[in-house]
Amino acid sequence: MNTYTAAQTRYDGMQYRYAGHSGLKLPVLSLGLWHNFGDGVDDAVCRQMIATAFDHGITHFDLANNYGPPAGSAEARFGRMLSEQFGAYRDEMLISTKAGYYMWPGPYGDWGSRKYLIASCDASLKRMGLEYVDIFYHHRPDPNTPLEETMGALAQLVRQGKALYVGISNYHRAEAVKAIALLKELGCPCVLNQVRYSLLDRWVEDDHLLDGMKGEAGAICFSPLAQGLLSDRYLEGTIPPDSRASKSHFLKPETITKERVQLLNGLNAIARKRGQSLSEMAISWLLVDKRVTSVLIGASSAEQVKVNLKAVGKSPDFSQEELSSIDELCMRWK
């Protein structure tokens, strides 16, 4: 059994925001356990990541039934860590999971039916050794299942005590507004919509999503660094051998164009004038909008967690000139 002693200064320096109109607070940085927590990752590295995040006030850990690889392995590993190291701190942790993507063969292992969502939540709880999760999300809209059925299944999980809160993920404005209204009618308010959003990916703005949600649900943003583009790795126009682009892992080599490199260097120049790295500024920029409850970071080491933490509480506010310069650059190379 591994030993762990929680840092007494855990909440110093971290900021927390309410999730929509609920009483639930999230840290402005949350740790996502997507493709960095599967069977191929060193267990000691994973444990150190969780401990480092938790000791610095990142209380929210985000999973899904299909996270790994292989699917289910991230939840299983996290469950073992809870049992062996962090179980005493369960009430200080916010644990979320999701269902909505392919999980098992046959007609009941995908999308958004009541059958799939209830079974998937039960399986996730078993893998993690938990009686409940704090937030259970529907992972993506299902065009072939009535939204009433999907939202009813989420509300049922809360009534059964298997989830404390529910959310949606990858929902655009029209479907998000309907889902939020349905859950409100069911007495089970939607607290979060988890969406992809970054300096380089502005569909949330084009869709007027946050305006449509009217603050009833908060936004929690994943891929804030655009799969690593918004870091210092590609500023020279080369592709590092250990990078995502080199492996075509969510980022293809052809993405690193001359024009894209010019954009990244322009943004980096603004960040340097602010006393930040490009990745720090990218996270800080998302948090300018108070309707953004939290930003989900991914990390492959404790050091990467620490680097991302620099974006919290240590950067000056953006001036209107800085925001305008950022928008002008991004629109020029869109």
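Tabulated results
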| read-out | value |
| --- | --- |
| Any hit, region 93-101, residues being in a helix (DSSP H, G or I), within 30 Å of Tyr11 (Cβ to Cβ), open to solvent by less than 10 Å² (accessible area, probe 1.4 Å) and in contact with a Gly (Cβ under 9 Å, 6 or more places away or on another chain) | no |
| Every residue from region 287-303 that is in a helix (DSSP H, G or I) and closer than 19 Å to Thr59 by Cβ | Ala302 |
| Residue within region 120-135 that is in contact with a Leu (Cβ under 9 Å, 6 or more places away or on another chain), part of a loop (DSSP other than H, G, I, E, B) and over 23 Å from Arg90 (Cα atoms) present | no |
| Residues within region 252-275 that are free of Cβ contacts under 8 Å to residues at least 60 places away in the same chain, more than 24 Å from Ser319 (Cα to Cα), assigned to a helix (DSSP H, G or I) and open to solvent by less than 90 Å² (accessible area, probe 1.4 Å), tallied | 3 |
| Lone qualifier among Lys184, Lys126 - being touching a Cys at 6+ places or on another chain (Cβ under 8 Å) and of a type in the set (Lys, Arg) | Lys184 |
| Only listed residue being surrounded by 17 or more Cβ atoms within 10 Å (Cβ to Cβ), at pLDDT 95 or above and out of contact with any Lys or Arg (no Cβ under 8 Å at 6 or more places or on another chain), chosen from Ala174, Ala155 | Ala155 |
| Single residue of region 158-171 satisfying the filter (assigned to a loop (DSSP other than H, G, I, E, B) and crowded, with 18+ Cβ neighbours inside 10 Å) that is nearest to the chain's Cα centre (by Cα) | Asn170 |
| Which listed residue, of Asp39, Asp55, is open to solvent by 30 Å² or more (accessible area, probe 1.4 Å), in contact with a helix residue (DSSP H, G or I) (Cβ under 6 Å, 6 or more places away or on another chain), farther than 27 Å from Gln156 by Cα and among the charged types (D, E, K, R) | Asp39 |
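For (1) buried (at least 23 other Cβ atoms within 10 Å of the Cβ); (2) over 16 Å from Lys290 (Cα atoms); (3) in contact with a helix residue (DSSP H, G or I) (Cβ under 9 Å, 6 or more places away or on another chain); (4) at pLDDT below 95, each residue gets a yes or a no:
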site: Cys190; (1), (2), (3), (4): yes, yes, yes, no
site: Tyr197; (1), (2), (3), (4): yes, no, yes, no
site: Gly215; (1), (2), (3), (4): no, no, no, no
site: Ala226; (1), (2), (3), (4): no, yes, yes, yes
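The values are calculated or read from the model by the stated rules, or taken from the named source; none is laboratory data. On a predicted model such as this, the values are computed, not experimentally measured, just so you know. Because the Cβ atoms are built from the backbone with ideal geometry, glycine has one as well, and the counts that use them run over all protein chains shown. Only protein heavy atoms, including side chains, enter the accessible area calculation; ligands, DNA and RNA are left aside. Shrake-Rupley method; radii C 1.70, N 1.55, O 1.52, S 1.80 Å.
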